[in-house]
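Reading through the structure tokens given below for one structure.
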Amino acid sequence: MKGIEKVIIIGGGPAGVAAALHLQEKNNISCPIYEVRSEPTTLGGAVGIPSNGLRLLQRMGLCDAMMAKGTETSMLRLHSLKGNEMGGIDMVSWSRQQTGFGYLRIRRTDLMDVLSSTASKKCVPIYFSKRLTNIEEKDDKVTVHFSDGTSDTGDFLLGCDGIHSSVRKLYVDPNCTPQYTGISNVFSLLPTSELPPAASSLDALHATLTSDGMFAISPAAHEVVYWFFSREITMPESLDTRDGWEERGKKEVDNLKTIFVNLLGDADSPWVNMLRDVVRKTEVVKFYPIFKIPPGRPWSKGRCLIIGDAAHAMPPHASQGVSMALEDVFLFSSLLTHHSRNLNTPNSRSLESLLQSYESKRKLRTEQMLKTAERNGDIRKKKTSLRLRVNELALSWGLRVYGAVGLDKMGIGQGPLAYDIEDEQF
Ligand SMILES: Cc1cc2nc3c(=O)[nH]c(=O)nc-3n(C[C@H](O)[C@H](O)[C@H](O)COP(=O)(O)OP(=O)(O)OC[C@H]3O[C@@H](n4cnc5c(N)ncnc54)[C@H](O)[C@@H]3O)c2cc1C
């Protein structure tokens with residue numbers, strides 16, 4: 001029996017390009033990538049990559065290039081609406097000691113630049129403007145067809161095409177509908193040269209809760225800050241398509257500056273004054289409605305597996321989107337290694353049984369991350385002024401206790417960031 005020599009990849013985002021690089025390097029498998037967009041995307045805000053993801057980027061030889069483009073900002077500092085600093089926490093104090101890796105914030109476009117230029121150096125082909133129309137399996141082969149009349153055939157198909165995945169819709173799980181989480185982010189990236197001096201010296205993710213959402217600002221690259229406003233917005237029944245949301249997005253952002261400045265009220269402190277300035281100086285804002293894939297859905301069928309956001313998109317409030325995709329890639333590579341070693345041995349496990357084992361390992365992990373992300377998202381929901389004040393007091397007290405008792409040094413809440421996917425066995 002022949003092993004898997006060619007894996008077709010649909011989707012040229014972080015999961016797709018990382019998969020092609022890693023499978024080519026570790027499994028000696030050729031991986032053409034088919035991407036629906038006409039060119040590498042210029043969209044996206046900044047993404048966080050904690051210790052577990054950075055360790056994998058290091059193993060792929062990409063960590064230094066990412067570090068050079070992004071910023072290491074593992075401190076989270078909370079400010080009250082009146083402007084007082086309520087406390088701070090190093091989000092990776094313990095996992096950094098365990099793994100040697102901290103927390104990177106990087107523009108999504110910079111992350112994609114590093115991945116795409118490495119793919120180009122390593123001769124991984126990426127074909128653009130490829131809209132998938134059909135998937136067929138026959139005699140241990142998978143064939144994909146595109147709207148331009150072309151097709152390709154491989155030994156396996158990896159769906160890395162994000163939350164609105166066509167591989168999932170056409171083949172793996174047509175009944176799965178991504179769910180809107182009720183929360184949307186509005187964000188912008190700004191050069192610090194256009195901002196008040198206080199914005200240039202930011203060295204952490206700074207956040208402020210309001211009764212209508214959470215505002216946060218952080219450095220994202222050399223002399224670039226990223227700010228976002230994460231708030232609850234109800235989905236109108238008539239607008240349940242992606243396009244509808246984009247249209248609503250335009251309307252939403254038009255009012256944003258006024259809404260946000262009003263939310264800050266008449267507070268007069270250096271912090272709140274800086275926030276007002278940053279919002280007023282912002283000219284372009286983007287709208288990002290947050291969807292998730294409901295847990296418990298199938299991820300594989302025959303010779304096809306979906307990974308990354310296509311399988312388990314989750315809200316970004318735990319900063320694990322990229323890292324979960326990287327963990328998927330490493331575990332799938334280990335599955336292929338195991339599969340090829342066991343081919344033609346009397347006790348060899350079928351590909352189907354290996355995929356089931358892959359799914360159960362990854363579901364345990366990604367569902368844990370989804371719960372964390374949803375818990376972190378709750379604080380962004382609408383609340384009364386009284387509830388906001390109670391939350392501020394609870395957070396301020398919680399942060400003080402966390403630091404005073406040394407819970408950060410014990411790794412409370414950071415265990416999942418020191419997890420190593422390469423410890424998993426088939
Ligand atoms: C444009 C964009 C902006 C984003 N911005 C942010 C952000 O600001 N903050 C954040 O935390 N996360 C953001 N994300 C999500 C984050 O990048 C992902 O959670 C994470 O990187 C997982 O990557 P992925 O490769 O699984 O999915 P994605 O990053 O969604 O990549 C999927 C890729 O597949 C392509 N694709 C989609 N459908 C098809 C198809 N039918 N055929 C071929 N290709 C297809 C997409 O164009 C994309 O390149 C963004 C995603 C996208 C696509």
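Key figures
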| read-out | value |
| --- | --- |
| For the range 5-92: accessible area per residue (Å², 1.4 Å) | 38 |
| Loop-exposed GluC sites (Glu not before Pro) per DSSP, neighbour cap 14 Cβ within 10 angstrom, longest uninterrupted part of the chain | 6-222 |
| Computed magnitude of the charge dipole of the range 37-98 (debye, nearest 20; Cβ of K, R +1, Cβ of D, E -1) | 100 |
| Spin-label pair LYS381/SER211, simplified geometry with 7 Å Cα→Cβ offset, distance in nm | 1.8 |
| DSSP-assigned coil residues among trypsin sites (Lys or Arg not before Pro) in the range 93-159, each with at most 15 further Cβ atoms within 10 Å | LYS122, ARG131 |
| FRET efficiency estimate (nearest 0.05) - Cβ-Cβ, SER269 to HIS164, R0 41 angstrom | 0.45 |
| Candidate residues ASP155, ASP266: accessible-area rank, largest first, probe 1.4 Å | ASP266, ASP155 |
| Given LYS141/LYS301; LYS82/LYS383; LYS138/LYS292, the pairs whose alpha carbons are separated by over 24 Å | LYS138/LYS292 |
| Residue (of THR118, GLY377, GLY154) at the positive-pole extreme of the chain, dipole from beta-carbon charges | GLY377 |
| Built amide H within the under 5 Å cut-off of GLY162, gap 5+ | ASP309, ALA310 |
| Relative contact order, percent, the range 38-118 [alpha-carbon distance under 8 Å, six or more residues apart] | 45 |
| Globularity ratio of the chain, using Cα Rg and 2.2 N^0.38 Å | 1.01 |
| With Cα atoms, 0 to 90° folded angle of helix 14-27 axis to the chain main axis | 40 |
| Debye, to nearest 20: dipole size of the range 17-152, +1 on Lys, Arg Cβ, -1 on Asp, Glu Cβ | 440 |
| Overall Cα dimensions of the range 5-74 - principal axes, largest extent first, Å | 40, 29, 17 |
| Length added when fully stretched, GLN425-GLN368, from 0.36 nm per residue minus Cα-Cα | 18.6 nm |
| R0 of 41 Å, Cβ-Cβ distance ASP203-ARG131: FRET efficiency to nearest 0.05 | 0.40 |
| Virtual spin-label span in nm between GLN58 and ARG341, 7 Å along Cα→Cβ | 2.4 |
| Solvent-accessible area, 1.4 Å probe, carbon plus sulfur percent, for the chain | 50 |
| Estimated FRET transfer efficiency when R0 is 25 angstrom, pair THR234-ASN262 (beta carbons, to 0.05) | 0.80 |
| Extension reserve of the GLN97-ARG389 stretch, reckoned as 0.36 nm per residue once the Cα distance is removed | 101.6 nm |
| Inter-site label distance for ARG400 and THR150 at 7 Å from Cα along Cβ, in nm | 6.3 |
| Ellipticity estimate at 222 nm from DSSP helix runs (n ≥ 4, -39,500 (n - 2.57)) divided over the chain, nearest 500 | -12500 deg cm²/dmol |
| Charged-residue dipole, Cβ positions (Lys, Arg, Asp, Glu), the chain about Cα centre, Debye nearest 20 | 520 |
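The values are calculated or read from the model by the stated rules, or taken from the named source; none is laboratory data. Bear in mind the structure is a predicted one, so any value in this text is a computation, not a measurement. Cβ atoms come from the backbone with ideal geometry, glycine included; neighbour counts cover every protein chain shown. These area figures cover heavy atoms from the full protein model, side chains too; ligands, DNA and RNA do not enter into them. Shrake-Rupley method; radii C 1.70, N 1.55, O 1.52, S 1.80 Å.
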